[in-house]
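Inspection log for the structure reproduced underneath, given as structure tokens.
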Amino acid sequence: MAKQDRAVRTRRELIRSAAEVFDRAGFADSSVTQICARAGVSHGALHFHFGNKRALGEAVESAAAQTLLYITGNVPLRHPAPLQLLVDTSHTLAQRLSCDPVLRAGFGLGSDATWQGGVNLWQQWQDWVQLMLTVARDQGSLAADVVLDDAVSAITAVIAGLEVLGRSDAHWHSRQVVTPFWRLMLPQLSAEAVRAQIDATGSGAAPLRKREWPLDEVRAGGKDMARTCDALSGC
């Protein structure tokens, strides 16, 4: 059992180390030697778990996609406050981008011209935003003149911009930046009947359950990563 635990820890460290190296240098300029050194493992250990750098990139991307899925959750078709849920989830996503290198690297790989992966995290986020706004529209929570596709594009573009800016300054991932965006957006987006009920600062009810991680991350000690993000919850 101890041998299996060591293997899982090694896999976790390789994914995290690769994410940190990809995040800093990009996929093409990242080397297996850098990743192994950061993880404190041999080249043989890396090739045992992943075969090559591309397989490691795919693992980073897959882990990031799973984390994003836990942040957003499924689209609740009868949620009583879909716009508040959208605001809350955007705050959670921005916060997690500041403290989760695997999630950040997953988004970064999607915009890396040297990487051709099978996962598009921005498309995953955009699809969720579109479905949430569709729920809001069907419930009468959107202003009558809102063009759904325009709203989806604007929200996706702003959060994407904050992700890029936050790579050099974590302030862009903070509540202090996300909140003003929603203060500007919500009066145009929301129907008058629900406008006063939506808190642009976030209600604290976003669906991320911090102890629920992708299975391989839980087995690999994902609780340690969750505690790190808990400590940064005020960012």
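The values are calculated or read from the model by the stated rules, or taken from the named source; none is laboratory data. Predicted model only: the values in this text are computed from it and were never measured. Please note: Cβ atoms are built from the backbone with ideal geometry, for glycine as well, and neighbour counts cover all protein chains shown. All accessible areas refer to the heavy atoms of the entire protein, side chains included, with ligands and DNA or RNA removed. Shrake-Rupley method; radii C 1.70, N 1.55, O 1.52, S 1.80 Å.
Okay, here's what the table says:
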read-out	value
For the chain, with +1 on Lys and Arg beta carbons and -1 on Asp and Glu, the positive-most of T179, A45, G110 along the dipole	A45
For L142, residues with placed amide H under 5 Å, excluding near neighbours	R137, A191
GNM flexibility winner over the chain from A157, A59, A193 (Cα, springs under 10 Å)	A193
For peptides 185-192, 64-71, 83-90, sequence by mean Cβ density within 10 Å, most packed first	83-90, 64-71, 185-192
Mean projection area, nm², convex hull over Cα of segment 35-118	7.0 nm²
Fluctuation leader among R195, R104, R12 - the chain, Gaussian network, Cα springs under 10 angstrom	R195
Hydrodynamic radius of the chain per Kirkwood, over alpha carbon pairs, in Å	18.6 Å
Whole-number accessible area per residue in Å² for the chain, which is evaluated in the context of all protein chains at 1.4 Å	48 Å²
Estimated dipole of the chain in Debye, rounded to 20 [Cβ of Lys and Arg +1, of Asp and Glu -1, Cα centre]	900 debye
Cα→Cβ-extended label distance, 7 Å offset, between A37 and T134, nm	4.9 nm
3J(HN,Hα) from dihedral phi, segment 47-58, Karplus parametrisation 6.51/-1.76/1.60, rounded to Hz, x for glycine, proline	5, 5, 7, 10, x, 7, 5, 4, 4, 5, x, 5
Surface share of carbon and sulfur [accessible, 1.4 angstrom probe, percent] for the chain	53 percent
Whole-Å semi-axes of segment 83-191's equivalent ellipsoid (Cα gyration tensor)	25, 17, 11
Burial ranking of peptide ranges 105-112, 148-155 (average Cβ count within 10 Å, highest at the top)	105-112, 148-155
Cβ-based charge dipole, the chain, positive-most Cα from V87, A55, A157	A55
G26 long-range amide H proximity, modeled H, under 5 Å	none
Segment 153-169 - phi-based ³J(HN,Hα) in whole Hz, Karplus 6.51/-1.76/1.60, Gly and Pro as x	4, 5, 5, 4, 5, 5, 5, 5, x, 5, 4, 5, 5, x, 5, 10, 8
Helix-only mean residue ellipticity at 222 nm for the chain, each DSSP H run of n ≥ 4 adding -39500 (n - 2.57), per residue, nearest 500	-21000 deg cm²/dmol
Estimated vicinal HN-Hα couplings, Hz - segment 24-40 in sequence order (Karplus 6.51, -1.76, 1.60; Gly, Pro = x)	8, 10, x, 5, 4, 8, 8, 10, 4, 4, 4, 5, 4, 4, 5, 7, x
